[in-house]
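The values are calculated or read from the model by the stated rules, or taken from the named source; none is laboratory data. Predicted model only: the values in this text are computed from it and were never measured. Every residue, glycine as well, gets a Cβ built from its backbone with ideal geometry; the counts of neighbours run over all protein chains shown. Areas reflect the complete protein model, heavy atoms only, side chains present, ligands, DNA and RNA absent. Shrake-Rupley method; radii C 1.70, N 1.55, O 1.52, S 1.80 Å.
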Amino acid sequence: MKKFSLSFIFLIALTANLFSQNFYIKGNVISGLGNNTIEGASISLTPSSKITVTDVLGNFIFNGLTVGTYILKVNYIGYEKFEKTIVLNSNQEEKIILKAIPINISEVNINLGHSVTQTDMISAVDKQLRPVNTAQDLLRLVPGLFIAQHAGGGKAEQIFLRGFDCDHGTDFYISIDGMPVNMVSHAHGQGYADFHFVIPETVDKLKVYKGPYNAKFGDFSTSGSGEFITKNHIENNEVKAEVGLFNTYRVMTMINLLGNKHLFSKEKENAYVAGEYVFTNSYFDNKQNFGRLNLFGKYSGMLNKNNMLSFSASTFAAQWDASGQVPARAVKTGLIGRFGSIDPTEGGQTKRSNFNAALTTVLKNNAVLKNQFYYVNYYFNLFSNFTFFLLDSVHGDEINQTDKRNIFGYNGTYEKDFSILNKTVHSTAGIGTRNDYADIALRHAEKRVALDTVVYGVLKEHNINAYIDETIDLNQHLSINLGTRFDYFNFNFEDKMHDTASGTKNIARVSPKLNLYYALSKSVQFFIKSGLGFHSNDARAVVVNHVSNSLPKALGYEIGSEFKFYKKVLVNISLWGLDMQSELVYVGDEATVETSDPTRRLGVDLGVRYQLTTHLFADVDLNYSHGRLLGPPEGENYIPLAPSLTSIGGITYKREKGLNGSIRYRYIDSRPANENNTVTAKGYFILDAVANYKFKRFSVGLSAENLLNTTWNQAQFDTESRLKNETQSVSELHYTAGTPFYIKGIFSFVF
């Protein structure tokens, strides 16, 4: 009897221990097509009300679970929903295969757990629906972003976003596979971001972060940041050919190198190469003779169950002639036509080669450790003439800017989910460094022949950064995101001509972030965002002038909501503000950067995506901003070229096979070109369209720009200049004429 009692007590204790024991459910989410891992899939577990997303290896885990019955749901845009009932009485591991399906907005889940710190779902929808033909189109996927080209197709675009004239990237940060695109202390402008080395067909995802609210981003991320991610694999080989007006053609190919073969392991591995060549004479009176060659190769594979290696290499070269920015008076008097040129010897050459490697490891505690190394070799040689004969009445004012550069960088991150007081915490810690070594020069030239050297020196600029980002799910509705970023800069410029123009300066910046997210339901979410950001000044201005605003601060604040209604309509609306400590004004022909007064911008962003039928989609972005300089008196405090109203939208018909088409518009309003609004940069409305017919192995299509043949200007500036026959200079609007009606045919074959 005593023995039975002891056994009974032991059985009761064992049973009690079993029911009080904590278990986990963890799994891996992969694509059914290529058996490749899916990052960013939304995972929910009921009735626990826990939500998470898959990491870069497609893994997820729910800890601290007790015995019971759970429903596991997986949601990822472009894939069929997954649902499974799990009876849990021990640790459980799941391998989940998602089936690709046509996009369906009704299945978009607004409540994304800790991924809300990235962005809304609008960018994911746009990437699948909007036609993308060039690297320029990739930038236009950022809601509310406008671009303008003003020195031939080989030069980085001018960027406009949230009331900013970002120049070529001063206030908008761009990366590709974690590697920075923006150039610090560039010969042509601070933050110069030439994106043309990217082949658009290789890009898989875009993540958009408007405002300075994310601790992951530092320099240049004032108006926002765009992360582009290339494909880890391609499903088919592809050859594409395009032919258009103005002697334009493009060929592109992507080839899968491995198939089912292996290089380093017996796990899933992928490798492919892509190439692109583009040529056009463009629509200007003087032939542009633009040619660009891009080559790209990437490997990604699982070395074992817990380690993924990816590395890529690419090279890019372009050369072109440009018609530049023409003064309005020259066109008005008939000296030249709208597509003419005052100095037809403008243009240049540029090259960029990249090497990028990353090792991602899942540690025994289920944390994810990523180590990334990158190297960039860069060359830039540009001839420009903004003022014609203002400074030199004999030889003219043509300038030659050169930049020969090497960049070495490292990014490391550590991500871990854990619980504190039964609250789920997603923690990310990161460290990084970027080191630029460049020879920079500015020369006075005539017809691309250097006459004298204005500036020639050696740049050494180093950045060390670290950040921590914590997202805490306080309950099933409320999440708080806190982050802090630390950046340390060492600016060094040695002028080989003038010792007084050389120097060194060290400066640091701490950028805190605080964001709140409230999920009312799976269809409605509210947010409040705030954070400090900055953009660095040019090293030459920092070390010579010792300006106080070496790293001008930006204070951002925002409130808004993302929601769905009628299941088919996805809406994002936000009220935002941004205060800048000072703006940067780059004076290219003097190789100097001036700082202006503080500014304040207030605005509203509205984005709507509507699925009218199974295959028909409509979208619109409306963006309004009101920005002013805070120092000068009223009427003299306009922010030059800052747009106040922009809108992009269209209708898309999308099928897996058969007819596909899209018609789209873009609108930007007229805006002051200087502080006192005496010169106006003219707005425009442009209508574009694309249509194609998809067969099993090939497709044929047409792409048309400016269907209405609107007369419009791309880049526009208030510039003081003097023509050859003038005795006095004139300050007025100078512009690059926009594309007239243009059409091209497209043929694609997959095998």
In the stretch 687-703, which residues have a backbone nitrogen under 17 Å from the label point lying 7 Å from HIS615's Cα in the Cα-to-Cβ direction? 690-702
Between SER265 and LEU645, what's the calculated FRET efficiency when r is the beta-carbon distance and R0 is 51 Å? Round to 0.05. 0.40
Of the listed links LYS266/LYS696; LYS460/LYS553; LYS261/LYS298, those spanning more than 25 angstrom between alpha carbons are LYS266/LYS696
In Hz, Karplus ³J(HN,Hα) per residue of the stretch 166-180 (6.51, -1.76, 1.60; θ = phi - 60°; x = Gly, Pro): 6, 6, 9, x, 4, 10, 9, 8, 10, 9, 10, 6, x, 9, x
Go through 66-75, 228-237 and give me the packing order, highest mean Cβ count within 10 Å leading. 228-237, 66-75
What nm value, rounded to one decimal, do you get for the distance between ASN289 and ILE464 when each label is placed 7 Å out toward the C-beta? 4.8 nm
Options GLY78, SER323, ILE342, ranked by Cα towards positive dipole end of the chain, top entry (Cβ charges): GLY78
How much of LEU584 can a 1.4 Å solvent probe reach, expressed as accessible area in Å² and rounded to 10? 40 Å²
Accessible area per residue, 1.4 Å probe, Å², for the chain: what's the number? 41 Å²
I need the peptides 532-540, 689-697 ranked by packing, meaning the mean over residues of other C-beta atoms within 10 angstrom, with the highest value on top. 532-540, 689-697
Residue (of TYR653, TYR667, PRO143) at the positive-pole extreme of the chain, dipole from beta-carbon charges: TYR653
For the chain, longest principal axis from Cα atoms; helix 2-20 axis from its Cα atoms; angle between them, nearest 10 degrees, is 20 degrees
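Excluding TYR213 itself, calculate the net charge of residues whose Cβ lies under 12 Å from the Cβ of TYR213, where each Lys or Arg counts +1 and each Asp or Glu counts -1.
Computed value for this residue: +3.
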Dipole magnitude (debye, nearest 20) for the stretch 255-334, charges at Cβ of Lys, Arg, Asp, Glu: 160 debye
Taking N as the number of residues in the chain, the ratio of its alpha carbon radius of gyration to 2.2 N^0.38 Å works out to 1.01
Relative contact order of the stretch 545-685, defined on C-alpha pairs under 8 angstrom at six or more residues apart (%): 15 percent
Subset of LYS205/LYS694; LYS205/LYS529; LYS216/LYS364; LYS26/LYS84 violating a 18 Å alpha-carbon distance limit: LYS205/LYS694; LYS205/LYS529; LYS216/LYS364
Rounded to 5, the percent of DSSP beta bridges in the chain classed as antiparallel: 95 percent
Which values of log₁₀ I(q)/I(0), to two decimal places, follow from the Debye formula for the stretch 177-283 at q = 0.22, 0.23 Å⁻¹ with a uniform point scatterer at every Cα? -1.14, -1.18
Pairwise FRET efficiency - MET497 versus LEU391, Cβ, R0 = 22 Å, nearest 0.05: 0.75
Any idea which of TYR624, ASN572, TYR518 is furthest toward the positive side of the dipole for the stretch 511-640, if Lys and Arg beta-carbons carry +1 and Asp and Glu beta-carbons -1? TYR518
Accessible carbon and sulfur surface of the chain relative to its total accessible area, %, 1.4 Å: 58 percent
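Charges at C-beta only: +1 for Lys and Arg, -1 for Asp and Glu. How large is the resulting dipole of the chain about its Cα centre, in Debye rounded to 20?
On the way: 73 positive and 71 negative charges, 685 e Å.
Once rounded to the nearest 20, the dipole reads 3280 debye.
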For the chain, what does the helix formula give at 222 nm: sum of -39500 (n - 2.57) over DSSP H segments with n ≥ 4, over the residue count, nearest 500 deg cm²/dmol? -1500 deg cm²/dmol
Quick calc: nm separation of the 7 Å Cα→Cβ label points for TYR488 and TYR693 -> 6.4 nm
